[in-house]
Each structure stands twice: as C-alpha cells, then as structure tokens.
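*Asks:* To start, I am sharing the structure in question, which I have written as structure tokens.
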Amino acid sequence: MSDDSHYYPKHECGIFGIFGHPDASLITYYGLYALQHRGQESAGITCSTDGQEFKTVKGMGLVPQIFDEDKLKSLKGNRAIGHVRYSTTGSSHIINAQPIVVNCAQGQVAVGHNGNLINANELREELEANGSIFQTTVDSEIILHLMAQPRSVSHENCLIYALKKIQGAYSLVIKSEKEIIGVRDPHGFRPLCIGKLGNSYILSSETCALDLVQAEFIRDVEPGEIVIIDENGLRSIKPFVPPEQNAFCIFEYVYFARPDSNINEVNVSTTRVRMGIELARLHPVEADVVIPVPDSGNYAALGYSEQSGIPFEQAFVRNHYVGRTFIQPTQLIRDFGVRVKLNLIKASVKGKRVVVVDDSIVRGTTARARVVNLREAGAKEVHVRVSCPPHRFPCHYGIDFPNSSELLANKYTNAQIAEYLGADSVGYLDVSSMIRATTLKPNNFCLACFTGDYPIKYNAESDKFIMERRKLRPPVELVPLEEQTRLL
C-alpha cells in the first residue's frame, strides 16, 4: 500500500549536468542528491569523454540507493548529465527512468527532462505513423525522436526543429558527443540555472545543488534560451519569438523548491516567510500558538507568527525515515498514513487556540486528519491557514494535481471546507498577496491551478481521443532504442 503522498501535489523532476570536470559523474551524483526533493521515484546518470561510448547507470529508488562507489567509478568521463524523476506522464517503471539515451544519425544523444508536453500524444501519433517505435511511455522520448529525424547533421538545427514542434513546459539537459546543452521553454515554466566550478560549467534545476558542490552561481537560463557548453566554453542562442508574458510556476516558491535555493534571484525561504506575513494580514485570528505542518509550512508559519505576534512552536514532529511505501495496517491504527509521518507534541497544543499553517490543501484528507489529531490532543480551537490560494484547477505542465472534481476547493466554499476539516476557520492566501510575496511582477507567473487561466491552451478532448485510439491497438514487440533510431 502506498503512503499518504497521493494526497499531495507530486514533485516534479530534477536535472543536472556538468561539462569539463574529471569527476563529472561524482559531481552529478552530489547534484542529484541535492535535488532529491524533486523526485524520489528513479534516478540516473549518463557520462562520457569525447569520442567514448556513453555509459549510463539508472534505477528505481533514491539516489544513494542506486549509486554506490563501484557504479560511480564505472561512469568515467569529464561530462555528465543526471536526472531524478517523479512521473507525471509515463508509468513508474525502470524503462521510463532518465536520462534516455539513443544512438542515431547524429550520434549518441541523451536527455533529461523536467516538465510536461501538452501535445505529446499528438506528436507520438504523428511519429508512429511515420514509422517510429517508442520504447518508453514518457513524453521526453518524443524530443529524441524529433531530434533523430534525418534533417541536418547539426545538433543545433535538429534541436531547434524539435523544440519548435513541442508545446508545454520543459527544462532540458541534453548530452551529445561533443557538448552539453541546457534548454528552457519560451514561457519559462520550469527552473534551470548555470553555475561554474573551476573551469567547468554546470546546469542545475536549483541553486541548492550548486551550493553542495561549491560551484559559483552565474545566472538563470532565460525562458526560450538554449545554452551550449563545449570545449570553447558557453554560448547562447534564442530561436524563439518571446511570448507576451512568462509563465514560471509559482508553486516552486510555495512548495516544490528547496528553501535554500534562489530562483529568479529571489530566495525561496524568504519568499515563504513573506507569504506567511501576507497570510496573517489577510486572515488574522486570536490564538495562543502558531504551528507549521513540516517541512514546507515552516517558513510561512514563521512569517505568520512574526506578523501576528502569536508565539511560534514546532508541535508536529516529522519522521524523516519514512519511505515511499510501508505495510498499511488497515483498521488497526486509524489515520496511520498521517500519523506515521507526523506525530503531535500534545503538551504544545492542549487547552490552546491553535493556528496551523500548511502550504496547500489539495484533497483535504490529510488536513482533516491533522485537525482531528489536534482536537484529540486537547486543542481548544483549530484555525487552518494556507500559504497559497485555493487549488481549483488541474495542472497540464508537469505537476500531478488531481482533476477538478477531486480538488476540495473546487467543490466547496471556505466555510464548507472548514466544516469538512472540522476546523474553527480556514483562510487561504489570495493570488495578489502571493505574487507580492515573491517581489516579482505578476506577468512572470503561471497561476493556472488557482485561476484556470492556462498560458498554453490544452486540448483535452483531442488528447482523450488519441489515448482511446492507442488502447485499441495490439501490443508491438519492443525494439532496443538504438535500433529504432538507426532506422529513422
């Protein structure tokens, strides 16, 4: 049985790459270790030196479970890319672990992808009609198939052709035989930054990975930018017409990114504290203690406490040793999925009016269980405060939110949500206050999960039709990817 993680928005993926370091695979290992919060399903590293065959190690599980000293020693070379994955498209299986590596007319190519392509099914249909055979179910493989089309010997031209065909959210690290390439989509949905370690250049989803390997932060990759790193250093090309506005996923600041990371030159933990301050201004209440839901609620709770003057206390204790799965005791221990991760210090809340601060409420199941726990511990009042707006719409750009019918805030008013949770009151941050907390301009963000205003339109009916057609097809025998791409 799976744990209670299915009640939360699922993490995205993390990508990392380095060019020109004798210990490239080891540096990548540490980079992925720092990005582990972005995906705990699988991880992989592809490494080589100029002229050598690519060597890849990947597996299911956490980074330190997959890579040991011997495996890292087998990854010889001075350039590498790595990936940690949580599946938003594609099933949870080793064949879908990244980087995905192919050998085609342009030589060996590997890719790691963070994001989601909204026209993936349409492109897959088109490629399959032209003879392509897919080995994985991830949309990242589509990018490789498009690059492998026999159009030009230039990786740049092949990549630009592929990027102009795909739509959606993507940050990419791509490894060819001569270079490592970083890409962000024109709207800039997903983060990607550039660092430098000595004479080596690094690409990473977040700056926390640069900090761990003691690399210098250079800058963020710009939306729509392609950065190419080779023996001559780093160069940039911008093949896209800039959109009217950027669409960076604001949920990175709310929940996904590590608090010690800086994104768009804004610190994540500082932003979360400011969200808590804004939340206290918007939804004040008389109470005795402010407690966070760890870990992502910690900084917002500090901000709420600072603004309200209500004392901050860590009443929930998190068990950091809980894996992704455990034996579910069914009726033996009620709400086990909640209690196994967070236990309550009863003396901190007994007889008190409590403000509990969480980063988000999706389905509401775990939030309700926590309110029950607080009541059982003797809390006099329970006021739930949420440091982002109500989630009312699904995400098509790489975050595994449920469909609208499963989202609590899409079905109920705040008063009804409070009644469902068993809380005395519920207060959400609003969109304008959330944006103000980032100190960035409103036209920088994707807010679709809160507002329903999608920066790139998604054709759900067409996608459903294509998926239904695929279900009717007889299964085909899988051919190794290397053989598939040689035939293109």
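*Asks:* Are any of the residues in segment 251-264 out of contact with any Gly (no Cβ under 8 Å at 6 or more places or on another chain), outside the structural domain of residue 359 (by TED's automatic domain parsing) and free of Cβ contacts under 8 Å to residues at least 24 places away in the same chain?
*Replies:* No, there is no match, as no residue in segment 251-264 is out of contact with any Gly (no Cβ under 8 Å at 6 or more places or on another chain), outside the structural domain of residue 359 (by TED's automatic domain parsing) and free of Cβ contacts under 8 Å to residues at least 24 places away in the same chain.
*Asks:* Could you grab the pairs with beta carbons closer than 6 Å, sequence gap of 6+ or different chains, first residue in segment 36-51 and assigned by TED's automatic domain parsing to the domain that holds residue 62 and under 14 Å from residue 12 (Cβ atoms), second one part of a strand (DSSP E or B) and small (Gly, Ala, Ser)?
*Replies:* Correct list of pairs: 38/14; 39/14.
*Asks:* Go over the candidates 180, 174, 166 one by one and state the one that is surrounded by 18 or more Cβ atoms within 10 Å (Cβ to Cβ), touching a helix residue (DSSP H, G or I) at 6+ places or on another chain (Cβ under 9 Å), within 23 Å of residue 50 (Cα to Cα) and of a type outside the set (Ser, Thr, Tyr).
*Replies:* 174
*Asks:* Among (1) surrounded by fewer than 24 Cβ atoms within 10 Å (Cβ to Cβ); (2) touching a helix residue (DSSP H, G or I) at 6+ places or on another chain (Cβ under 8 Å), there is one condition residue 214 misses while meeting the rest; what is its number?
*Replies:* All conditions are met except number (2).
*Asks:* Looking only at segment 257-272, how many residues end up being in contact with a helix residue (DSSP H, G or I) (Cβ under 7 Å, 6 or more places away or on another chain) and either aromatic (Phe, Trp, Tyr) or in a strand (DSSP E or B) (or both)?
*Replies:* Matching residues across segment 257-272 total 3.
*Asks:* Let me ask something else about it. When both residues are 6+ apart or on different chains and their Cβ atoms are under 9 Å apart, which pairs have a first residue that lies in segment 282-296 and is in contact (Cβ under 8 Å) with a residue 40 or more places away in the chain and farther than 20 Å from residue 430 by Cα, and a second that is among the basic types (Lys, Arg) and not in a strand (DSSP E or B)?
*Replies:* If the second residue must be among the basic types (Lys, Arg) and not in a strand (DSSP E or B), the pairs left are 287/352; 288/352; 288/380; 289/352.
*Asks:* Considering only residues that are crowded, with 24+ Cβ neighbours inside 10 Å and assigned to a loop (DSSP other than H, G, I, E, B), look in segment 12-49 and name the one that is modelled with the highest pLDDT.
*Replies:* Here the answer is 35.
*Asks:* Could you look through segment 296-345, keep only residues that are of a type in the set (Lys, Arg) and part of a loop (DSSP other than H, G, I, E, B), and pick out the one that is modelled with the lowest pLDDT?
*Replies:* Per the stated criteria, the residue is 324.
*Asks:* A further question on this structure: Would you mind telling me which numbered condition in (1) in contact (Cβ under 8 Å) with a residue 60 or more places away in the chain; (2) of a type outside the set (D, E, K, R); (3) farther than 20 Å from residue 46 by Cβ residue 226 fails?
*Replies:* Failing condition for residue 226: (3).
The values are calculated or read from the model by the stated rules, or taken from the named source; none is laboratory data. What you see is a predicted model, and the numbers here were worked out from it, not measured in a lab. All Cβ positions, even for glycine, are placed from backbone atoms using ideal geometry, and neighbour counts span all protein chains on display.
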